[in-house]
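Trainee: Below are the structure tokens for one structure; questions will follow.
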Amino acid sequence: MKPPPFDYARPESLEEALDLLARHGDEAKLLAGGQSLMAMLNFRLLAPAILVDINRLDRLAGIEEGDGRLSIGALTRHHALETSDLVAERLPVLHAAMGHVAHLAIRNRGTVGGSLAHADPAAELPAMMCLLDATLRVAGPAGTREISVHDFFTGALETALGDDEILLGIDLPSLPPGTAWGFEEFSRRAGDFALAGVAVLVEPTGAVRLALLGVDETPVRARAAEAELARGALSDAAVGQAVEALRAEISPLDDLHAGADYRRHLAGVLTTRALAAARARLA
Amino acid sequence: MSGRHTITVTVNGRAYTREVAPRLLLADFLREELGLTGTHVGCEHGICGACTVLIDGDSARSCLTLAVQCDGAEVGTIEGLGRVADLGRLQQAFREHHALQCGFCTAGMLITVTDLLAKYPLASEADIREGLSGNLCRCTGYENIVRAVQDLVAAREADPA
Ligand SMILES: Cc1cc2nc3c(=O)[nH]c(=O)nc-3n(C[C@H](O)[C@H](O)[C@H](O)COP(=O)(O)OP(=O)(O)OC[C@H]3O[C@@H](n4cnc5c(N)ncnc54)[C@H](O)[C@@H]3O)c2cc1C
Ligand code: FES
Ligand code: FES
């Protein structure tokens, strides 16, 4: 279908954009890459009075290394992240995940901020942020604030962002040297949203991080499974126990793409594979 | 800000100035305002790839882009790749390999292949298939499209220009 009528503004500055949001409240919608929003408008699932196009806010795009962290601007396109040498070198797990996000034409336009604000539980970036303990920087009428990713995703397509706020970017703390990783996902066709996906990090201290996508209303950090793995030093027995723990920790959705039981099964299989890949990288 | 916007968009090298409603999709701008009906419209939600065009050199879905967003942009469509009497390189490869039947997907395929060839090594058949996965074809079974792209990759290696 065609989208319903709306007004359109393309602010040249962040202040102008915030001002438009303050004036129009929940009648306004930010437009970034448009790769989720435009589809929802064409389906007429939304009918905002005005679209505030933030594509002119160039300063919100870019990837930078700062002390002990990598900062990624909200307007950074998926394709820029996918092809960033800095990301490939510092956070190979994120680089691997980006290869699974949609198709080139979508990656050319879609943005990091749009993906996080849209909060699709099957999207890669939200789960990667949970894995990497990201901090989100947000601007609003009262100034800027920081939100831990672990407080950000509040439900399927729901976040802690206010209607009058703009996500500026994210900060990702550096990983200890020698951290091993694994990423596995399953989708029916390359570039489709995954039925389930798993990312793991194994730090040299033995600490394990495990994040999943597509298996609950939000991305999940599987804390119980992480504890099993750390306690059992990634032994085969520990992996088995972690998979048990993980299957109990998640509540997958039943939808037309897959049943909840199948997703729960898949989460375990993919976790086992991702851990095997991480173990191989440790050796 | 409200009401219609005057935009100037360069399409295949020619500048067009038009007044548009904000909700007008780029696909409909090209087809209905400019009469460039080579760009096709299938699903209108980003899935089928039929409407894929180049925006400032990068492939993008014209059903997920507003015409008003393209003020000042350079858009490339199938009409810019060649003419019936003078087919472009990609079109020629598709023709030689019978990489189209009804032709509904072809414009989007060719634009996608233009961008894939510019950005990726496409070293294996699997890479080519993954690159094409965002463009649906209901006729060919993809085999001949993959062959055509394999030829184009080989030609690119022989002559990088
Ligand atoms: C065919 C297809 C396949 C896809 N497959 C995948 C996939 O496999 N994996 C995946 O992860 N994604 C996939 N996507 C989604 C894609 O990654 C989107 O680009 C992304 O989810 C949204 O980013 P965007 O920049 O396009 O946001 P938009 O569509 O512009 O906006 C999405 C939402 O975020 C809000 N928003 C945007 N930017 C900000 C900001 N800076 N601050 C606050 N709010 C903001 C908007 O108001 C809107 O509500 C797919 C999309 C399509 C069409
Ligand atoms: S019509 Fe645009 S992707 Fe199908
Ligand atoms: S040739 Fe008919 S859809 Fe591709």
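Trainee: Which one of A:133, A:216, A:192 has the biggest mean-square fluctuation once chain A is modelled by GNM with Cα springs under 10 Å?
Mentor: Answer for the Gaussian network model of chain A: A:192.
Trainee: Please tell me the relative contact order of chain A in percent, rounded to the nearest whole number, where contacts are Cα pairs under 8 Å and at least six residues apart.
Mentor: Across chain A, relative contact order equals 15 percent.
Trainee: Ignoring ligands, DNA and RNA, what percent of the accessible area of the protein assembly as shown is carbon or sulfur (1.4 Å)?
Mentor: Values: 9500 of 18820 Å².
Accessible surface attributable to carbon and sulfur in the protein assembly as shown totals 50 percent.
Trainee: If each Cα of region B:5-80 is one equal point scatterer, what is log10 of I(q)/I(0) from the Debye formula at q = 0.11, 0.15, 0.21, 0.23 Å⁻¹?
Mentor: -0.21, -0.40, -0.83, -1.01
Trainee: Going 7 Å from the Cα of residue A:67 toward and past its Cβ, which residues in region A:134-162 have a backbone nitrogen under 14 Å from where you end up?
Mentor: No residues fall inside that zone.
Trainee: Under a point-charge model restricted to the Cβ atoms of Lys and Arg (+1) and Asp and Glu (-1), what is the dipole moment magnitude of region B:89-158 relative to its Cα centre, in debye to the nearest 20? Don't skip to the answer; put the middle values down first.
Mentor: Values: 7 positive and 8 negative charges, 40 e Å.
My answer is approximately 200 debye.
Trainee: Please give the average number of partner chain Cβ atoms lying within 10 Å of the Cβ of each residue in A:236-242, rounded to a whole number.
Mentor: 0
Trainee: Which whole-number value in Å² is the accessible area per residue of region B:89-158, probe 1.4 Å?
Mentor: The answer is 47 Å² per residue.
Trainee: Indicate the residues belonging to region A:182-202 that lose 20 Å² or more of solvent-accessible heavy-atom surface (probe 1.4 Å) upon moving from the chain alone to the assembly of all protein chains, ignoring ligands and nucleic acids.
Mentor: A:189, A:190
Trainee: Report the net charge of residues surrounding residue B:79, where surrounding means a beta-carbon distance below 13 angstrom and charges are Lys +1, Arg +1, Asp -1, Glu -1.
Mentor: +2
Trainee: For region A:144-149, what does the Karplus curve 6.51 cos²θ - 1.76 cosθ + 1.60, with θ = phi - 60°, yield as ³J(HN,Hα) per residue in whole Hz, taken in order and with x for Gly and Pro?
Mentor: 9, 9, 10, 10, 5, 4
Trainee: Taking only C-alpha pairs under 8 Å that are 6+ residues apart, what is the relative contact order of chain B in percent?
Mentor: Relative CO of chain B lands at 22 percent.
Trainee: While we're on this one: For a Förster distance of 51 Å, can you work out the FRET efficiency between the beta-carbons of residue A:43 and residue A:174, rounded to the nearest 0.05? Working shown, then result.
Mentor: Values: r = 41 Å, r/R0 = 0.80.
For R0 = 51 Å, the calculated efficiency reads 0.80.
Trainee: Mind checking A:2-12 for the average number of partner chain beta-carbons within 10 Å of each residue's beta-carbon? Walk me through the numbers before you get to the answer.
Mentor: Values: counts 7, 6, 1, 3, 5, 7, 11, 3, 5, 0, 0.
Per-residue shielding by partner chains comes out at 4.
Trainee: Additional query: With a point put 7 Å past each Cα toward its Cβ, work out how far residue A:244 is from residue A:273 in nm, to one decimal.
Mentor: If labels sit at residue A:244 and residue A:273, their model points lie 2.4 nm apart.
Trainee: Computed FRET efficiency, Cβ-Cβ of residue B:95 and residue A:223, R0 41 Å: what is it to the nearest 0.05?
Mentor: The formula returns an efficiency of 0.10 here.
Trainee: Among A:42, B:84, A:125, whose Cα sits farthest toward the positive end of the charge dipole of the protein assembly as shown (+1 at Cβ of Lys/Arg, -1 at Cβ of Asp/Glu, about the Cα centre)?
Mentor: Positive-most Cα among the choices belongs to B:84.
Trainee: With solvent modelled as a 1.4 Å probe, how much accessible area in total do chains B and A shield from it at their shared surface, in Å² to the nearest 100?
Mentor: Buried area between the two chains comes out at roughly 2800 Å².
Trainee: Related question: Treat each spin label as a single point 7 Å out from the Cα along the C-beta direction, and report the residue B:157 to residue A:205 distance in nm.
Mentor: Result: 4.8 nm between the two label points.
Trainee: Next question. What's the magnitude of the charge dipole for chain A around its Cα centre, counting Lys and Arg as +1 and Asp and Glu as -1 at the beta-carbon? Answer in Debye, nearest 20.
Mentor: For chain A, the charge dipole is close to 720 debye.
Trainee: Under 10 Å, Cα contacts only: if you run a Gaussian network model on chain B, which one of B:41, B:75, B:20 comes out with the highest mean-square fluctuation?
Mentor: Of the options given, B:20 has the highest mean-square fluctuation.
Trainee: I want to verify a result. In a Gaussian network model of chain A, Cα cutoff 10 Å, which of these has the top mean-square fluctuation: A:183, A:43, A:193?
Mentor: Greatest mean-square fluctuation among the candidates belongs to A:43.
The values are calculated or read from the model by the stated rules, or taken from the named source; none is laboratory data. This one's a predicted model, so the numbers in the text were calculated from it and none came from an experiment. As a convention, Cβ positions derive from the backbone with ideal geometry for all residues, glycine included, and neighbour counts pool all protein chains shown. With ligands, DNA and RNA removed, areas are computed over all heavy atoms of the protein, side chains included. Shrake-Rupley method; radii C 1.70, N 1.55, O 1.52, S 1.80 Å.
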